[in-house]
Amino acid sequence: MSAKLPNKKVALLVTDGFEQVELTSPREALDDAGATTHLISPASGKVQGMNHDEKGDKFSVDVTLDSANPDDYDALVLPGGVANPDTLRTNDKAIRFIKAFFEAGKPVAAICHGPWTLIEADVVRGRQVTSWPSLKTDLRNAGADWVDEEVVCDQGLVTSRKPADLPAFNRKMIEEIAEGVHAGQHA
């Protein structure tokens, strides 16, 4: 990747039930670009990844959500999976954590079902986004302009539809993180 991310620290927020490749692929891309990544979760210990509807690997949590401070991070990544964002969007601390990145103008990247949490954080109104197709109506009802494209970027908010979009998602995510704070990124 052409953009390098030395001295950038990126939070990856998940709980049990995340789509494994939507965590591992962006994390590997970020690590390869020189960023420091932390897996953050409401749970401590390990969280369960999924390969579609089959259990995948378990991953060690680096920082619990209770201990995580959004001020310590330059960007946020929100993997999908169905259970993961559905659980996170009911967690007030997770929603406050997500919203803090928007309030600070920091890049946020969400893929597949990940944008469900963005709806709960009330940060999609007036923004162009994409997602897994079943979220289209939810996002439109929350005021977003939903489009069917492999990657969409709106002022530091990067969204993609599915695992097949990961190469484009990762490239755009790294580009936006390298650019830093975006004036148009807001809660």
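FYI, it's all coordinate maths here, none of it is from the lab. Because the structure is a prediction, the values reported are computed rather than measured. A quick note on method: Cβ atoms are made from the backbone with ideal geometry, for glycine too, and the neighbour counts reach across all protein chains shown.
Values for this structure:
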read-out	value
Of residues in segment 1-11 being of a type in the set (D, E, K, R) and in contact with a Gly (Cβ under 9 Å, 6 or more places away or on another chain), the one surrounded by the fewest Cβ atoms within 10 Å (Cβ to Cβ)	Lys4
Some residue of segment 147-154 being of a type in the set (Val, Ile, Thr), surrounded by fewer than 22 Cβ atoms within 10 Å (Cβ to Cβ) and touching a Lys or Arg at 6+ places or on another chain (Cβ under 8 Å)	yes
Residue satisfying all of: in segment 162-187; closer than 18 Å to Val123 by Cα and more than 14 Å from the chain's Cα centre (by Cα); surrounded by the fewest Cβ atoms within 10 Å (Cβ to Cβ) among these	Ala183
Test: residue in segment 12-32 that is free of Cβ contacts under 8 Å to residues at least 40 places away in the same chain, surrounded by fewer than 20 Cβ atoms within 10 Å (Cβ to Cβ) and part of a loop (DSSP other than H, G, I, E, B)	no
Restricting segment 52-78 to residues that are of a type in the set (Asp, Glu) and part of a loop (DSSP other than H, G, I, E, B), the residue that is farthest from the chain's Cα centre (by Cα)	Asp53
Of the criteria (1) under 16 Å from Ala121 (Cβ atoms); (2) in a loop (DSSP other than H, G, I, E, B), which one Leu5 fails	(1)
Output for segment 82-108, where each listed residue is closer than 13 Å to Val14 by Cα and of a type in the set (A, V, I, L, M)	Val82, Ala83, Leu88, Ala94, Ile95, Ile98
One residue from Gly49, Gly81 being buried (at least 19 other Cβ atoms within 10 Å of the Cβ), in a loop (DSSP other than H, G, I, E, B) and of a type outside the set (Ser, Thr, Tyr)	Gly81
